[in-house]
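Working notes, beginning with the structure itself.
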Amino acid sequence: MPAVSVIATVLNEAENIARLIESLAAQAPPAAEIVIVDGGSTDGTWEGLSEAANRHATLRPIRDPSCSLKFTPGPISKGRNVAIAAARSDLIACADAGCTYAPNWLAELTAPLVSGEAEYALGGTCLDPTDATVWDLASAPFFGVKMEADAPTKSCTARSMAFTKDLWRRLGGFAETVFFGEDTLFDLEARRVTTPAFPRHAKALYRPRNSFGSACRQMARYAVSDGILGVRRNRLMRNAARCVAEVAAIVVLPWTWIPLAAIAVLALHFAFAQDWRFMRTMKPPVLAARLVFSLTVPWIVAINQMRGSLTKRSLVNPQNSGV
């Protein structure tokens with residue numbers, strides 16, 4: 001297998017960094033190197049990286065405080081670009097601190113690049129089955145996260161993404177002008193010049209640990225970013241239409257219940273159609289949470305995507321804004 005560099009960028013990920021490193025170090029065959037850029041963590045993440053480097057010869061931690069919101073509007077992008085520029089291999093695989101990776105992940109993800117079939121591959125994400133909350137299960141499909149590791153996906157996420165270093169150079173790297181959605185922009189540019197491969201068994205195992213509030217805030221941040229970037233306009237129109245339809249159905253309820261019944265049927269479809277085989281085994285609290293989140297999503301997306309398009313200001317989380 002040709003040499004592959006796995007890269008990631010982290011900031012205040014002390015709770016997750018050990019699991020990430022151990023899963024990346026356990027890849028078979030192993031990565032030539034694991035390059036992790038720390039953007040100036042203050043919670044012990046850097047110390048954990050430094051200690052792990054003593055145990056794993058392939059781990060190359062880089063501390064670069066300029067990869068934070070204090071110095072750039074796109075700290076995640078900058079961290080990735082710093083890591084890729086430092087990488088010694090011609091094949092790059094992107095990983096994320098909120099995830100772990102099965103031992104065959106790297107081989108599966110990079111197989112299309114190694115064979116020459118493609119220069120860009122997307123593996124997708126599925127929930128970590130060992131540690132998912134009710135709201136992780138409820139919100140997963142609305143974030144493009146699969147419930148099962150072998151489910152087909154064509155969604156873009158830098159949690160599991162591989163490309164040639166040459167492609168990264170030709171695209172000008174990850175855009176350092178945006179906080180969220182940098183992988184979406186990279187994906188849009190990449191698909192203009194090449195056709196991605198979608199290896200089915202190369203998903204990142206994601207552990208968001210969401211509550212209802214945190215899932216809604218995450219959805220809002222992504223929607224604001226879409227508005228800023230001017231992408232996914234069709235998604236905005238679909239969700240805005242659902243909001244208008246819901247209001248209209250309530251307004252005409254004194255005269256007829258049919259529109260509200262139609263809205264209820266559509267809500268059930270949006271909530272369960274994508275993974276109904278999996279969800280039919282879930283307990284009632286999970287099913288109820290999925291329906292609640294499905295009804296909430298159109299309002300979060302419509303309001304926040306329009307907000308982003310008007311204000312051009314990202315919503316960031318305390319993890320990033322406090323550093």
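So which residues in the range 222-238 are buried (at least 18 other Cβ atoms within 10 Å of the Cβ) and either among the charged types (D, E, K, R) or modelled with pLDDT of 95 or more (or both), if there are any at all?
Matches in the range 222-238: 226, 232.
Just a yes or no: is a residue in the range 248-255 in the same structural domain as residue 312 (by TED's automatic domain parsing) and buried (at least 19 other Cβ atoms within 10 Å of the Cβ)? No, the range 248-255 contains no residue that is in the same structural domain as residue 312 (by TED's automatic domain parsing) and buried (at least 19 other Cβ atoms within 10 Å of the Cβ).
Count of the range 158-174 residues, restricted to those that are more than 16 Å from the chain's Cα centre (by Cα) and of a type outside the set (S, T, N, Q), is 10. Considering the range 9-90, the qualifying helices (runs of 4 or more DSSP H), each wholly inside and each with 1 or more residues that are hydroxyl-bearing (Ser, Thr, Tyr) and under 21 Å from residue 205 (Cα atoms), run over 17-25, 45-55.
May I ask you to verify whether residue 148 is among the acidic types (Asp, Glu) and either within 13 Å of residue 196 (Cα to Cα) or not assigned by TED's automatic domain parsing to the domain that holds residue 14 (or both)?
Details: among the acidic types (Asp, Glu): yes; either within 13 Å of residue 196 (Cα to Cα) or not assigned by TED's automatic domain parsing to the domain that holds residue 14 (or both): no.
For residue 148, the condition - among the acidic types (Asp, Glu) and either within 13 Å of residue 196 (Cα to Cα) or not assigned by TED's automatic domain parsing to the domain that holds residue 14 (or both) - is not met.
Every residue, every condition in (1) crowded, with 21+ Cβ neighbours inside 10 Å; (2) under 25 Å from residue 38 (Cα atoms); (3) in contact with a helix residue (DSSP H, G or I) (Cβ under 8 Å, 6 or more places away or on another chain), yes or no:
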residue: 87; (1), (2), (3): yes, yes, yes
residue: 114; (1), (2), (3): no, no, no
residue: 139; (1), (2), (3): yes, no, yes
residue: 143; (1), (2), (3): no, no, yes
residue: 147; (1), (2), (3): no, no, yes
residue: 157; (1), (2), (3): yes, yes, yes
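For the range 91-105, residues that are closer than 14 Å to residue 8 by Cβ and in a loop (DSSP other than H, G, I, E, B) total 5.
Each residue in the range 200-217 was checked for being among the aromatic types (Phe, Trp, Tyr) and either part of a loop (DSSP other than H, G, I, E, B) or under 12 Å from residue 124 (Cβ atoms) (or both), and 1 pass. Take the residues of the range 249-281 that are part of a loop (DSSP other than H, G, I, E, B) and of a type in the set (A, V, I, L, M, F, W, C): which is modelled with the lowest pLDDT? Looking at residues that are part of a loop (DSSP other than H, G, I, E, B) and of a type in the set (A, V, I, L, M, F, W, C), I get 273.
Listed by first and then second residue, the pairs linking a residue in the range 278-295 that is over 22 Å from residue 149 (Cβ atoms) to a residue that is surrounded by fewer than 16 Cβ atoms within 10 Å (Cβ to Cβ), with Cβ atoms under 8 Å apart and 6 or more places separating them unless they lie on different chains, are 291/268.
The values are calculated or read from the model by the stated rules, or taken from the named source; none is laboratory data. Only a predicted model underlies this, so the values are computations on that prediction, with no experimental measurement involved. Note that we place each Cβ from the backbone using ideal geometry, even for glycine, and neighbour counts take in every protein chain shown.
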